[in-house]
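Asks: Provided herewith is a single structure, encoded as structure tokens, for subsequent inquiry.
Here, each number is a calculation from the coordinates, and none is a lab measurement. No experiment lies behind these values; they were computed from the predicted model shown. Note: ideal-geometry Cβ built from the backbone for every residue, glycine included; neighbour counts use all protein chains shown.
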Amino acid sequence: MTRVVAVAGGKGGTGKTLVAASIAYLLSSRGFKVLIVDADVDNPSISSLLRVEFTEVKEVTSFKPVIDGGRCTGCGECVRNCHENALALLPGGRVVLIESLCDGCGVCQLVCPVGAITEGRRVDGVVRYGREAGGADLIVGELAPGCRRTAALITRLIEDHKDVFKKYDYVVIDSPPGAGGSLYPIIRYADTVVAVTEPTPLGVSDLKKFLAMLEKYWQGRRQALVVINKYGLPSKSYRELEDLISEHGLRYVKIPYSDLVPASYVRRELIVATHPESEVSKSMNEIIRYIAAANNIPA
């Protein structure tokens, strides 16, 4: 049975990618077949942290309306039915597309009474496939420059690979920051969520939003763990952060701040591989024990 672990959390820059990559490495080193999915499509970075060999790249395309000015009567029906306001009717009856606003729903083509709108295609992004040095397979989604279809690309990334997920013991998803709707296609399939935060006022604020979103989507049916990264930095937010976690009835793991971490970034190495006895690695292994217990398997 495949277990899906989503590494998420409201604030960017807390260390989600480090935690996701470390979880994947430690699970793989225990003999599990692991797939890493980088779903932070606006800023995919896991392949910058790991040594990855990509073997395949596929374009992700979506509907783009093509307007035939010779057939268009300027009735404005497509404009009135475009919920993204991506179509505009100019003086003289000419309809123009504002491509950056278009979400590719295709409603304009359906409602056009004269068939003046046909289907074109546009590239929303790419999906890269490969394997990292630790043995885990990797799927990376990346949004095309200027494209705003973040949620749509994440949905495609997850939905199009559900059958692929079944081939693995664990799928570890490196999620984008935030607590909005773009996380829903990830959260809905996750068996366990690892919410990564940091002991700062913004970290507390964003974790609060994230946990509220998680309760709304999950309704308490699955398992969540909070990871406080960079623990030990001078801060007045520790009590507030721990009280927030306690209010939600969750456990947490502390990853201590260590100079070894930025040094490992520079070398594109994982601290759990190069310094397995470090305090950071011990905390990462504590996360693995939680995931194992949550999924009723040996650690």
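Asks: Need one word for the chain: rounded, prolate or oblate. Basis is the Cα gyration tensor (sqrt eigenvalues a ≥ b ≥ c); a/c below 1.5 gives rounded, then a/b vs b/c decides.
Replies: Values: a/c = 2.43, a/b = 1.93, b/c = 1.26.
Judged from the Cα gyration tensor, the chain comes out prolate (a/c at least 1.5, a/b above b/c).
Asks: Amide H to amide H under 5 Å from residue 195: which residues, 5+ apart in sequence or cross-chain, H placed 1.01 Å off N in plane?
Replies: 8, 225, 226, 227
Asks: Could I ask something else about it? Going by how many other beta carbons lie within 10 Å of each one, how would you line up 47, 205, 175, 100, fewest first?
Replies: Values: 47 21, 205 16, 175 26, 100 11.
If I rank by nearby Cβ atoms, fewest first, I get 100, 205, 47, 175.
Asks: What does the convex hull of the Cα atoms of region 10-122 come to per residue, in Å³, rounded to a whole number? Don't jump to the answer; show the numbers that get you there.
Replies: On the way: hull volume 18.4 nm³, N = 113.
Residue-normalised Cα hull volume stands at 163 Å³.
Asks: Starting from the eigenvalues of the Cα gyration tensor, five times each then square-rooted, give me the equivalent ellipsoid semi-axes of region 63-123, largest first, whole Å. Kindly include the intermediate steps, with their values, before the conclusion.
Replies: Details: eigenvalues 53, 31, 22 Å².
They are 16, 12, 10 Å, listed from largest to smallest.
Asks: Please find the FRET efficiency linking residue 297 to residue 99, where r is the Cβ-Cβ separation and R0 is fixed at 51 Å, and quote it to the nearest 0.05. All intermediate terms of the calculation are to be shown ahead of the outcome.
Replies: Numbers: r = 47 Å, r/R0 = 0.93.
Between residue 297 and residue 99 the formula returns 0.60.
Asks: Going by a ≥ b ≥ c, the root eigenvalues of the Cα gyration tensor, does region 219-275 fall in the rounded group (a/c under 1.5), the prolate group (a/b larger than b/c) or the oblate group? Could you put the intermediate results ahead of the total?
Replies: Values: a/c = 3.97, a/b = 1.66, b/c = 2.39.
Oblate, because a/c is 1.5 or more while a/b does not exceed b/c.
Asks: Continuing with this model, one more query. What order do you get for 32, 54 when you list them from fewest to most C-beta neighbours inside 10 Å? Walk me through the numbers on the way to the answer.
Replies: Values: 32 17, 54 12.
Listed from fewest to most nearby Cβ atoms, that is 54, 32.
Asks: Follow-up question, since we're still on this one. Using θ = phi - 60° and the Karplus form 6.51 cos²θ - 1.76 cosθ + 1.60, what ³J(HN,Hα) does each residue of region 150-162 get, whole Hz, x for Gly and Pro?
Replies: With the stated coefficients, region 150-162 comes to 4, 4, 5, 5, 4, 4, 4, 4, 7, 5, 6, 10, 4 Hz.
Asks: For residue 162, give me every one of the lysines with a C-alpha distance below 18 angstrom, ignoring sequence neighbours fewer than eight places off in its own chain.
Replies: Within the straight-line cut-off, residue 162 pairs with 33, 58.
Asks: Quickly work out the residue 212-to-residue 90 label distance, labels modelled 7 Å from Cα along the C-beta direction, and quote it in nm with one decimal.
Replies: In this crude spin-label approximation the distance works out to 4.4 nm.
Asks: Apply the Karplus parameterisation 6.51 cos²θ - 1.76 cosθ + 1.60, with θ equal to phi minus 60°, to every residue of region 284-292 and state each ³J(HN,Hα) to the nearest whole Hz, in sequence, with x for glycine and proline.
Replies: Each residue of region 284-292 in turn: 4, 5, 5, 4, 4, 5, 5, 4, 4 Hz.
Asks: Connecting C-alpha atoms closer than 10 Å in a GNM of the chain, tell me which of 169, 160, 103 has the biggest fluctuation.
Replies: In this elastic network of the chain, the residue with the biggest mean-square fluctuation among 169, 160, 103 is 160.
Asks: Which FRET efficiency value, to the nearest 0.05, do you get for residue 236 and residue 48 by plugging their Cβ-Cβ distance into 1/(1 + (r/R0)^6) with R0 = 30 Å? Each step should come with its number before you reach the end.
Replies: Details: r = 33 Å, r/R0 = 1.09.
Step by step, r from the Cβ atoms, then E = 0.40.
Asks: Same structure, new question: List the residues whose amide H sits under 5 Å from the amide H of residue 231, counting only those 5 or more places along or on another chain, with H placed 1.01 Å from N in the peptide plane.
Replies: Amide H neighbours of residue 231: 255, 257.
Asks: Separate question: Give me a comma-separated list of calculated 3J(HN,Hα) values for region 259-274, in order, Karplus coefficients 6.51, -1.76, 1.60 applied at θ = phi - 60°, integers in Hz, x for any Gly or Pro.
Replies: 5, 5, 5, x, 5, 5, 4, 4, 8, 6, 10, 9, 4, 5, 8, 8
Asks: Further, regarding this structure: Lone cysteines in the chain, going by a 4.7 Å Cβ-Cβ cut-off?
Replies: Flagged as lacking a Cys partner: 72, 75, 82, 102, 105, 112, 147.
Asks: Going 7 Å from the Cα of residue 71 along its beta-carbon direction, which residues of region 78-97 have the amide nitrogen within less than 13 Å of the resulting point?
Replies: none
Asks: Still on this structure, please answer the following. At a Förster radius of 30 Å, what calculated FRET efficiency corresponds to the Cβ-Cβ distance of residue 222 and residue 267, to the nearest 0.05? If you can, show how the numbers build up before the last one.
Replies: Values: r = 36 Å, r/R0 = 1.19.
Efficiency, rounded to the nearest 0.05: 0.25.
Asks: OK, next. Choose one answer from 194, 79, 114: the residue with the largest mean-square fluctuation in a GNM of the chain with alpha-carbon springs under 10 Å.
Replies: 114
Asks: Between the alpha-carbon centers of region 60-110 and region 274-299, tell me the distance in whole angstrom.
Replies: 52 Å
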